[in-house]
Amino acid sequence: MQRVRAIGQDDSLVGAIAACKAALAPSREIDARIALAVFPALRGLTSVAPGVWEQHDGGHVRALLYTAACPAAATLVPPGYWIETGPQAVVVLGELGEWIGVHSVEAIALCIAALDARRAELSYAQ
């Protein structure tokens, strides 16, 4: 099955990865950036606060706390891949390779590795 790549999705992932690497602490602005990179359809909604969008029916969509909580960051790992954690880094492994995330905040390290893995998946699908 061929996956369809959203226009600019790779650039959005690169930007989200760079924001994670530069982060000093968890951030709702970075959570929003990650959500927009992973779910491009959010761009069609109205942003009401960092990481919160309003749907056409008035309901709200909220980005998970990707940079603050490892369970949220783990949802970014592509299906079929797994996570290994160590004292120095987080590694996401899968059939296309392994991606290492290094950051003082473990959830952010996991975001870096998971987003890198997603980027590789996009490249492979083309």
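The values are calculated or read from the model by the stated rules, or taken from the named source; none is laboratory data. Remember, predicted model here, so these are calculated numbers, not experimental data. Positions of Cβ are backbone-derived with ideal geometry, glycine not excepted, and every protein chain shown enters the neighbour counts. When the accessible area is computed, the model is the full protein with side chains, heavy atoms only, and any ligands, DNA or RNA have been set aside. Shrake-Rupley method; radii C 1.70, N 1.55, O 1.52, S 1.80 Å.
The table for this structure:
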{"item": "Normalised per residue, the volume of the convex hull around the Cα set of the chain (Å³)", "result": "105"}
{"item": "GNM top mover of 68, 107, 22 - the chain, alpha-carbon springs below 10 Å", "result": "22"}
{"item": "The stretch 45-126: GluC sites (Glu not before Pro) falling in loop per DSSP and having at most 12 other Cβ within 10 Å", "result": "95"}
{"item": "Length-normalised contact order of the stretch 84-126 in % [C-alpha pairs under 8 Å, at least 6 apart]", "result": "31"}
{"item": "For the chain: accessible area per residue (Å², 1.4 Å)", "result": "56"}
{"item": "Kyte-Doolittle at least -1.0, axis length at least 24 Å by Cα - qualifying DSSP helices, the chain", "result": "106-125"}
{"item": "Surface share of carbon and sulfur [accessible, 1.4 angstrom probe, percent] for the stretch 77-124", "result": "51"}
{"item": "The stretch 48-119 - Rg and Dmax from Cα coordinates, angstrom", "result": "14.0, 45"}
{"item": "Value of D in µm² per second that Stokes-Einstein yields for the stretch 77-126, Kirkwood Rh from Cα pairs, at 10 °C (1.306 mPa s)", "result": "150"}
